[in-house]
Every structure is written in structure tokens, then in C-alpha cells.
Amino acid sequence: MPTPGHAISLEEQIDQWRSYLRRRQAIHSVDVAELEDHLREQIAGLADAGLTPEEAFLVAVKRIGSLDALSREFAREHSDRLWKQLVVSPSDTGEPQAAARTDAIVAFCLAAAAALAIKVPALFGIQLDSDTGFYARNLSLFVLPLLTGYFAWKRRLDPGTLRWLALAFVAAVVLANAYPFASSGYTETLTALHLPIALWLMVGVAYAGGRWSQVGGRMDFIRFSGELFIYYVLIALGGGVLAGFMAMIFQAIAIDVEPFFESWLLPCGVVGAVVIASWLVEAKQSVIENMAPVLTRLFTPLFAAVLVTFLGTMLWTGRAVDIERDVLIAFDLLLVVVLGLLLYSVSARDPRSSPGAFDVVQVVLVVSALLADAVALWAIAARITEFGFSPNRVAALGENVILLLNLAWSAVLYIRFLRGRGSFTALERWQTDYLPVYGVWAAIVVIVFPLVFGYI
């Protein structure tokens, strides 16, 4: 047993784990060699994602625990001691602590750079309150290149990948600002909405760090995206509370801080918080349970019940869906949420586990979402038939077709898995392989739509 001053090595930890399993092998039927292969694969993947070997071991043991009861028992009995070793080791060696401190400094510097970048246009007379179109089109460009740079630095990307990423962002800057968009026009709005989607895949390439071509690398990026969203919302809620108290106390001395909020705090906070939230996900991914899969477990049955109730009510009453634009947007957002629930349940599930009750609920959710998407497509087709083609209608049509294809094949793969005629890995691979489709469609909207429909 190592003393508090001793930083236990990775191989020593694996030896302890292996010895524990072999001591109990007579009681539990377990293939230690096969489990060790799985453990080392998990450790290698986590190390590639930026964790230290000791952190990777702690997380890998917990993941293997979902596959084997004896490993789960080891994780439960040794988790406190392993955590204390992780806490003690940095102060003993100095290196992990220094790396964590460097990460924090770099992240906060990039967050500050993003906050300053969004104020640079004001030096050239482009004001946030009057030039909203410019800021809407370029909002993602104030922060995503810096976030990509952060992951490129952490993952030590090769020069070839860096050049492609730089070229993509340069092209995005040109496309967002070269077209003579009409103020608050349809194509300008579509560009503002779709450009961040296309660029987010560039962030994914940097985050995966050479593993983007692998299912595991893309799935890690999906997990990161969900955790980032949750952290960002928490930061935004905390910032809202801070701003409220700040306004209250300054109002008590007859000082109006609203101009400061509008000009500095809100825009700088919006972009800076993206980098800070990303750093928090990176820093905490090895020491807490991921929140996105937990919330997925909670909301999947609720969304499934809502969709089934909606479809049943629509059939019972015979009422058609209102084809107004706001309703269709709400439908699309609902389908995106459903897709997110599916993605994070897939990312959190052990593909080697047998089908369970939650998998049945997932199939109900996917099939009901598929039917809802078909209803939305019918409504879009009716709107196009009545009013003709427009940028918004074509964009909505394309997005719903993409969602329909994803949900349809996901339903097929999931049903095959439930019936024992397919593997869960096939569903996982389908979801990760389909990610670039969203980015390609977003790029088409940004590049082609202004040329086809004009700058209206």
C-alpha cells in the first residue's frame, strides 16, 4: 500500500486491480485477461483525450465496472483511496498540478481574448445595438476559432490538420461578411443560424485530436458537447443572478449599470463563458459523473410520453398541424432535442449490455419522433405548395429530411438490437458517422442559399 507521499504509478494501479480480480476469481466467473484488455483500451482513449494516466485509470475502472460485477466491486471499495492518491500525487510530483494550472491560465486568457474580440468592431464604428446583423453573422467567429486553438494546443495537432482548420475559419469569415445581405433578411438569418453548426464540427476535429475518424473520438465529442451545454447554462444562470444583485446594489446609490450590462457584461460574457465552460468540462470530466446522460435518463420517458400523447390526440381529434412558421420551428427544435436525448443515451450506454426497459422507451421515443417529423414534413410541403419556395422553407425541408433519415435508420437499428438481430455498436457507429451530414447541410445553407435566393 503506498504511503501518502508516494505517487503510485499506472502499472502499480493495474497490478492492484488485476490481483484483486484474481483473488476473487474462484468466487466469480471472470476472464481477467479480457477485462484487462478492455481496461487498457479505455485508459489509452482517456489519455488521448487529455487525462493523466492516474485519472484515466480511475475513470476506466468505473467504466469497466458497468461490464463486470467484480470490477464494479473493486471500484466501489477502492474509489476513495484512488481519489486520495490522485489528489496527493500532484503536490508530490509538481507536474500534473503545473499542467492543470497551465490549462487554466490558457483557458482564461483565451476567454479574455474572446471577450475583447467581440468589442473590436466597435473601434471601427460597428455598434452592437445598431449593427445586429453583423454581430449575428459573426458571433461564432469571435469565440470558436479560439476554442479550436485551445484544443489544438491541448491535443498537439499536426501542422496539416491545423492548416485545414485555419482555412475553414478564414473561409467562414469571408462567407459571413462578403455577401451583400439585406438587413435582417432571410438569407442573413439563415447564415447566422447555420454557420455555428458548420464550425462546431471544426471544433470537434480539434477536440478529437487525431481520433475524429474513429467512432470513439466522435462519440467523445458528442459527450463533450452535451456537458458543455449544461455547464454553459449553469454559468449563464449564475451570471444572471450576479447581474441582478449588481443592478440592485448600484441602484441603491442611484447609479444605472444597464449601459454597462448591454455594452460589456452581456456580449463579453456570452463568448467568454464558452471557453470557460469548455475548460471546466475538460478539467472535471475525470472526477464527477457526466450530467448529460443522467438528465437523458430523466427526460427520455417524459418526451416519449409527450410525443405519444400528441400523436394520439391528433389522430383522435382529426386536427391537422398548424403550418405557421413559428410552429414548424418549434417542431424542429423538439426533434433536435429528441435526437440529443438519443445521442447521449447512446454515448452513456455500454454497447455490450443486454437490452433493457430503457431501450424499449428509447425505441418508443425514436418512432414517435419519426412520426412527428413526417407530420412536420407534410406541413412544410403544404406550405411550399401554397406559397412557393423560399429560403426558410427550403432550409426547413432539408433539415427535416436529414432528421427523418437519421431517425428512420436509428429506429431500424434499435429494433434490430432489441430483437437480438443486431449489435448496439451499429447504432453507435451510425450516429457518429451521421454527424458530418449536419455540418455539410449547414455549409450548403451558408454558401449556396445567398447565391440561389439572393441576399433578401
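All of the numbers you see were taken from the coordinates with simple rules; none came from a lab. From a predicted model like this one, the values you see are computed outputs, not experimental measurements. Cβ sites come from the backbone with ideal geometry, for glycine too, and all protein chains shown count toward neighbours.
Assuming R0 = 25 Å, what is the FRET efficiency of A357 and W378, from their Cβ-Cβ distance, to the nearest 0.05?
Values: r = 32 Å, r/R0 = 1.29.
That pair, A357 with W378, gives E of 0.20.
Does a label point 7 Å from the Cα of C109, set along Cα-to-beta-carbon, have any residues of segment 131-172 with amide nitrogen under 15 Å, and which are they?
146-147, 149-154, by backbone N distance to the label point.
Hey, rough spin-label estimate for T385 and L302, points 7 angstrom out along Cα→Cβ, what's it come to in nanometres?
A separation of 3.7 nm, rounded to one decimal place.
Over the C-alpha atoms of segment 123-220, what are the Rg and the largest Cα-to-Cα span, Dmax, in Å?
Reported Rg and Dmax, both Å: 15.3, 46.
Which distance in Å, rounded to a whole number, links the C-alpha centroids of segment 363-396 and segment 210-234?
When both Cα centres are located, 28 Å separates them.
Given points 7 Å out from each Cα along the Cα-Cβ axis, report the T132 to R421 separation in nanometres with one decimal.
5.3 nm
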